[in-house]
């Protein structure tokens, strides 16, 4: 299976985070190394607009067939458009057909090769249209509120609250693993009735967007 690692250079929350050293190695290296250990991934493509990210990714074993154009790497750019661009260019320039692919975001350094392979097996065994990794919420989603500018509560859901133990567990997408049939991307959708969740544990689900996330990931790596 083809794996795409999207890594634009213009991170705002934590500048240069994709190549910031995490426990002595660039953040992006953890995703590349996990992909290289996978039983099923046959190509690892880096999709980036940034020369420094490209250089590091190639050093760690990713493939850089072309750079991502700047108009697909801005704050308002859609990830799905970058995926389509990468797939279209690979198919046109190499005269190949890509029917399925995986997206591995570099901001999930604790995702393992085992996570990747279990998700791929699920995708194939279920003949799924897509697999997306999720993680269990600590607290019921009904407890969430909007807070207005004066600090007052605004309801999102019905206001009847039960004890946590009485509520069904809810899950959130952790940004770690996405597997798609190509036709979904052409339709500009991520999920159908034949889409399934791969549930990851919380420790492997760290998604780095801030310095606090980065430091927490470093703490977990050192603990391991």
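Bear in mind these aren't lab numbers, they're just calculated from the coordinates by the rules spelled out. Because the structure is predicted, anything quoted here is derived from the model rather than measured. As a convention, Cβ positions derive from the backbone with ideal geometry for all residues, glycine included, and neighbour counts pool all protein chains shown.
Residues in the range 19-40: is at least one more than 21 Å from residue 221 (Cα to Cα), under 16 Å from the mean Cα position of the chain (by Cα) and surrounded by 14 or more Cβ atoms within 10 Å (Cβ to Cβ)? No, every residue in the range 19-40 fails to be more than 21 Å from residue 221 (Cα to Cα), under 16 Å from the mean Cα position of the chain (by Cα) and surrounded by 14 or more Cβ atoms within 10 Å (Cβ to Cβ).
Can you work out which of the residues in the range 112-128 that are assigned to a helix (DSSP H, G or I) and in contact with a strand residue (DSSP E or B) (Cβ under 8 Å, 6 or more places away or on another chain) is surrounded by the fewest Cβ atoms within 10 Å (Cβ to Cβ)? Only one residue fits best here, namely 122.
Taken residue by residue, the range 185-197 has no member that is in contact with a strand residue (DSSP E or B) (Cβ under 7 Å, 6 or more places away or on another chain) and closer than 30 Å to residue 21 by Cβ.
Among the candidates 141, 199, 189, 131, single out the residue that is surrounded by fewer than 19 Cβ atoms within 10 Å (Cβ to Cβ) and touching a residue at least 60 places away in the same chain (Cβ under 8 Å). It would help to see each step written out before you state the result.
Working: 141 fails: touching a residue at least 60 places away in the same chain (Cβ under 8 Å); 189 fails: touching a residue at least 60 places away in the same chain (Cβ under 8 Å); 131 fails: surrounded by fewer than 19 Cβ atoms within 10 Å (Cβ to Cβ).
Every option except 199 fails the conditions.
Under the condition of being buried (at least 18 other Cβ atoms within 10 Å of the Cβ) and in contact (Cβ under 8 Å) with a residue 40 or more places away in the chain, the residues counted in the range 64-97 number 7.
On the stretch given as the range 23-51, residues that are in contact with a helix residue (DSSP H, G or I) (Cβ under 6 Å, 6 or more places away or on another chain) and over 11 Å from residue 113 (Cβ atoms) total 9. Scanning the range 181-224 for residues that are part of a strand (DSSP E or B), under 15 Å from the mean Cα position of the chain (by Cα) and farther than 15 Å from residue 105 by Cβ turns up 197, 199. Note on the range 85-100: residues that are within 25 Å of residue 27 (Cα to Cα) and in contact with a helix residue (DSSP H, G or I) (Cβ under 7 Å, 6 or more places away or on another chain) total 2. The requirement of being within 26 Å of residue 126 (Cβ to Cβ) and touching a strand residue (DSSP E or B) at 6+ places or on another chain (Cβ under 6 Å) is satisfied by residue 41.
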